[in-house]
Amino acid sequence: MSLKKSHKSYPQAFKDEAVLMVLEQGYSVADAAKSLGVSTSLLYNWKEKHEALQQGITLEESERDELKRLRRENKELRMEKEILKKGKRLLCERNEVRFRFIKLQSHLFPITLLCRVMSVSKSGYYDWHKRPANVISVETLKLYRLVRQLFKQSRGSLGNREMVKKLRKEGYQVGRYLVRKIMHRLRLKATQRCAYKVTTQRKHSDAVADNLLNMNFNPVSANQVWAGDVTYLKTGEGWMYLAVVMDLYSRRIVGWRIDKRMTTDLISKALIKAYNLRQPARGLVFHSDRGSQYTSKQFGRLLSSYGIRASMGDVGACWDNAVVERFFGSLKHDWIFKVAQPTREFMKQDVTAYIKYYNLERLHSANNDLSPVEFENSQVKVSSLG
């Protein structure tokens, strides 16, 4: 059995006295070492260090400790810089992603340093490391891809409620809890809509129709009540004005017109488009605000020629045309505001794309009564209006 050698340590005062015996008292190194019970080589070593210290060549013990500390900190800073170069883009990712990065880099850097730089706890990393890996099935992966696709298609406007409806329509039996969990995992967050309303004042000489709607936004069948409104849309070339006609039974846009001028002709062409598409029976109610275009004699004559009864909201009643205003809010804050609108032509195409998405893809609480064929026909009919 071999015994491990132990090295005896000596206090600094003892070392200094031994060296002074040689330097000041005239002892030889061999005699001094023999009298003190230390080896000759050890005393030579102490003597060299003492002379070097006197000449300013070596550092004191405190200075040496400080140098070691600075070197250690400098080494850690270099490693932190290298870690950040590789993993900075992952700092905003969920912990699981950062844990994977730490595992991949653990052979190059200390775990403690990696966890500190990546802003995760060391205990959390080791807990994740011990857990068995989750195996994602092919069906789950398909579901994730579909959720991403639907969310991207809506320009980030689908919340978990609407996402559940879309997925069920695709044949997936899912609930809000699961969809909310998936969207959180995929970092998909719907943006909030804000109210937006601009209108014009009527001429006092124009007639105002009675409010036949009285906030009853749920007719029992299609082509009973339509609602219309106009909104402002800003482009890099100036303002555009969009007039729409909505069937309140299905909440679908059955007529629209966009132009760079807000005139009576604008809302008239939107109504003509809706009438040519739907061919409603006489007696249909058209509800709007009291803007100058809707109260004009020209528009009143157009309604009369189609046998449509005019209905107008009360002054100061902000909810009188709430369904159409909600559509405008969705159009702007879920769609248009998310991409640059450099030209009027680009705005026209983008509005048409959203209305197609809104009518054919986006789910509504009301009934569906516009087929894809009808929508394509409406595209052809509006082009004949110029």
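Compute the length gained on full extension between residue 152 and residue 352: take 0.36 nm times their separation in residues and subtract their Cα-Cα distance, giving the result in nm to one decimal. Walk me through the numbers before you get to the answer.
On the way: separation 200, 0.36 × 200 = 72.00 nm, distance 1.75 nm.
The residue 152-residue 352 span can extend by a further 70.3 nm.
With a threshold of 23 Å on the Cα-Cα distance, the over-threshold entries among 103/189; 169/269; 273/297 are 103/189; 169/269. Under a 5 Å amide H cut-off, with hydrogens placed 1.01 Å from N, residue 229 pairs with 244 among residues at least 5 apart or on other chains. In this structure, the amide hydrogen of residue 188, modeled 1.01 Å from its nitrogen in the peptide plane, lies closer than 5 angstrom to no residue at least 5 positions away or on a different chain. Reported to the nearest whole Å, the Cα centre-to-centre distance from segment 280-294 to segment 133-186 is 40. This ranking places 215, 262, 246 by how few other beta-carbon atoms lie within 10 Å of each, fewest first, which gives 215, 262, 246. For segment 61-130, the Cβ-based charge dipole about the Cα centre amounts to some 360 debye (Lys, Arg positive; Asp, Glu negative; other atoms uncharged).
When peptides 77-88, 299-310 are ranked by their average number of other Cβ atoms within 10 Å per residue, the highest-first order is 299-310, 77-88.
Spin-label model, residue 360 to residue 340: label points 7 Å out along the Cα-to-beta-carbon direction sit 2.9 nm apart. The phi torsions of segment 164-174, fed into the Karplus equation with coefficients 6.51, -1.76 and 1.60 and a -60° offset, translate into couplings of 4, 4, 5, 5, 5, 5, 7, x, 8, 8, 10 Hz, rounded to whole numbers, with Gly and Pro shown as x.
Taking θ as phi - 60° and the Karplus parameters 6.51, -1.76 and 1.60, the scalar couplings of segment 35-46 work out to 6, 8, x, 10, 6, 5, 5, 5, 5, 4, 5, 4 Hz in sequence order, x denoting glycine and proline. Annotation for segment 224-262 versus segment 345-361: alpha-carbon center distance of 11 Å. The stretch between residue 74 and residue 130, if pulled fully straight at 0.36 nm per residue, gains 16.9 nm over its current Cα-Cα span.
Values quoted throughout were computed directly from the atomic coordinates according to the rules given, and no laboratory measurement underlies them. Treat the numbers as computed from the prediction; the structure is a model and nothing was measured. Positions of Cβ are generated from backbone atoms using ideal geometry, with glycine treated the same way; all protein chains shown enter the neighbour counts.
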